[in-house]
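These notes concern the structure reproduced below.
The values are calculated or read from the model by the stated rules, or taken from the named source; none is laboratory data. Only a predicted model underlies this, so the values are computations on that prediction, with no experimental measurement involved. Note that each Cβ is placed from the backbone with ideal geometry, even for glycine, and that neighbours are counted across all protein chains shown. Just so you know, the surface numbers come from the protein's heavy atoms only, side chains and all, with ligands and any DNA or RNA stripped out. Shrake-Rupley method; radii C 1.70, N 1.55, O 1.52, S 1.80 Å.
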Amino acid sequence: MKTHQLFIDGTYRDARSGRTFDKISPSTGLKIATVHEALAEDVDDAVNAAAAALRGEWGQMPKAVRCDLLMELANAIAARTPDFIEAEVADTGHTRHFAEKVEIPRGAANFRIFAEMLKHTGGEYYHMDTPDGTGAANLELHRPKGVIGVISPWNAPFLLMTWKVGPALACGNTVVVKPSEESPATATLLGEVMNAVGIPKGVYNVIHGFGPESAGELLTQHPKVAGITFTGETRTGEAIMKQAAVGLRDVSFELGGKNPAIIFADADMDKAIEVTMRSVFANTGQVCLGTERVYVERPVFDEYVARLKAGAEGLKQGGPETPGATIGPLISDEHRQKVLGYYDKARDLGATVVTGGGVPLFNDERQGGFFVEPTIWTGLPEDSPIVREEIFGPCCHITPFDTEDEVIAMANDTSYGLSATILTENLSRAHRVGARIEAGLIWVNSWFLRDLRTSFGGSKSSGIGREGGVHSLEFYTERSNLCLKL
Ligand code: NAD
Ligand code: 6OD
């Protein structure tokens, strides 16, 4: 049985609160770890350590040295890939394949790419004419913002946490990370690697706990925290915004989505099935970018539904220990109840259940896990909660459409604006339709294809701000204009 302590000022230690909570395995329902819960004193210790590190060696370190150290960190993470995989799959129930091919390499890349980018980023300079003819030089300086509070979710814990910690550290900040209570392991393990490569004490701190009245709320209200970067549910974002309002802390929010996949009749149907099998079922549908709404042009509707059904029924459910498993459990019993609530609601509302809709039966240890059947519905109106609300499970509703205007209107008729996926072989249509979709990320003939230099984030209720590339630099630094009269 594992114990996850707090990581503060370069040292693992028990919470001063004296409180702990259990971490339950999603794939078996059994307890796998005891986690220390940080309350006010612990949060204070972590933030103070982070603030002190800004004034110490880290704050004085030349940018090039800091970036080289982060490159070493990326290599050291890669060298410990098996440990990170084990930690991640135990907490999340993800397949080893997903952790090995996507989550852990991206964790290392999040440090490498931002370190490389910062190392080669220059500054802005504006010459100005003045009445006396001598002019002035304006230098736009970027300073680290300060102590950054990182609040991350459970659905891709290491990838999403490092997506924020990487640029925050590259820009010279220090961080206090509050990983989800459902996924404490990889953030904790990263402390060992930070120490091993010589990242100064206090630069990276980890506190565990819950949101309200626990570590999350306390961190976002701490007066010494300069900025909060948060990925999670839209409702949690609203709560954090209120908490961060006192002291006017800056926020960057990556929130929920109810993303459309749009399949035109001219699409390559093999490609459409391959892409949407991933966009609907990858990570058991627990991906903010997932496409729980699928719109299919009427001439290919029946063919598409039949082929996606066959694909869903071909998935093999199982935890990381199940040979050949292609789809894992949901993260927790609580989340499973939420998803099953939508499964029941869909049936009550008269949806056609194309496949799934329930809980699978197993005759082995998977029976204790939090599995649900991959599920496809058709036949519901666009104002149904199934089509409007983020479910965050392995499911989608498929609607037929007849015209571009009609499908664009349906795709945009949502309070969210995170992503969209368009399947078509017609480049002009891809551009025409894509440009009219109100979302931060639009893919054509692909999904979740990520160049870390590009902007990432959502509009409407899907977020505030963008991170990625230079956009991360904007959030994780403060600008000063130095105007030098010549
Ligand atoms: P969540 O909002 O329940 O929790 C996220 C984190 O916030 C956790 O660490 C939690 O402890 C913390 N938290 C909760 N209440 C808090 C409070 N009042 N103050 C401070 N911290 C608080 O989200 P989740 O269930 O872990 O993750 C799933 C959600 O995240 C989905 O809605 C998904 O769409 C979204 N998500 C968005 C993106 C994106 O990039 N847009 C990426 C991944 C996940
Ligand atoms: O790839 C990323 O950087 C990113 N933020 C992915 C988000 C996945 C959502 O579940």
Alpha-carbon centroids, the stretch 439-479 and the stretch 1-58: separation in whole Å:
29 Å
Please give the Cα centre distance for the stretch 160-194 versus the stretch 205-279, rounded to the nearest Å.
15 Å
Normalised contact order of the stretch 224-314, rounded percent, pairs of Cα under 8 Å and 6 or more residues apart
28 percent
Counting Lys and Arg as +1 and Asp and Glu as -1, what is the net charge of the other residues whose Cβ lies under 15 Å from the Cβ of Phe456?
+1
Using a simple spin-label model with points 7 Å from Cα along the Cα→Cβ vector, what separation in nm is obtained for Thr454 and Glu233?
3.0 nm
In whole angstrom, how far apart do the alpha carbon centroids of the stretch 360-424 and the stretch 331-358 sit?
11 Å
Helix axis angle, 301-313 relative to the chain longest principal axis, alpha carbon, degrees:
70 degrees
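Let me spell out the model: positive unit charges on the Cβ of Lys and Arg, negative unit charges on the Cβ of Asp and Glu, origin at the Cα centre of the chain. What dipole size does that give, in debye rounded to 20?
Numbers: 47 positive and 63 negative charges, 183 e Å.
With only Lys, Arg, Asp and Glu charged at Cβ, the dipole is about 880 debye.
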Ignoring any ligand, DNA or RNA, what whole percent of the accessible area of the stretch 329-375 comes from carbon and sulfur when the probe is 1.4 angstrom?
46 percent
Run the accessible area of the stretch 390-486 with a 1.4 Å probe and give the carbon-and-sulfur part as a rounded percent.
56 percent
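Compute the orientation-averaged projected area for the stretch 190-290 from the convex hull of its Cα atoms and round it to one decimal in nm². Before the final figure, lay out each step's value.
Values: hull surface 39.6 nm².
For the stretch 190-290, averaging the hull's shadow over all directions gives 9.9 nm².
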Please report, as a whole percent, how much of the solvent-accessible surface of the stretch 126-251 comes from carbon and sulfur atoms (probe radius 1.4 Å).
58 percent
Accessible surface, the chain, averaged per residue in Å² (probe 1.4 Å):
39 Å²
What does the charge add up to near Gly357, with Lys and Arg as +1, Asp and Glu as -1, over the other residues with Cβ less than 10 Å from its Cβ?
-1
Using alpha-carbon pairs under 8 Å, 6+ residues apart, how would you state the relative contact order of the stretch 259-352 in percent?
25 percent
Kirkwood-Stokes translational diffusion coefficient of the chain, alpha-carbon pairs, 4 °C, 1.567 mPa s, µm²/s
55 µm²/s
Subtracting the Cα-Cα distance of Glu213 and Val197 from 0.36 nm times their residue separation yields 2.3 nm
Label Leu484 and Asp333 with points 7 Å out from Cα along Cα→Cβ: what is the distance between them in nm?
6.5 nm
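If you count, for each residue, the other Cβ atoms within 10 Å and average over each peptide, how do 26-36, 381-391 line up from highest to lowest? Each step should come with its number before you reach the end.
Details: 26-36: 19.5, 381-391: 16.5.
Most protected by this proxy first, the peptides run 26-36, 381-391.
Averaging sequence separations of C-alpha pairs under 8 Å and six or more residues apart, then dividing by the length of the stretch 1-150, give the relative contact order as a whole percent.
Numbers: 164 pairs, mean separation 27.7, N = 150.
Relative contact order comes out at 18 percent.
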With a sphere of radius 14 Å drawn around the Cβ of Thr162, what net charge do the other residues whose Cβ falls strictly inside it have (Lys, Arg +1; Asp, Glu -1)?
+1
Starting from the 7 Å offset along Cα-to-Cβ, what nm value, one decimal, do you get for the label separation of Thr130 and Lys271?
5.8 nm
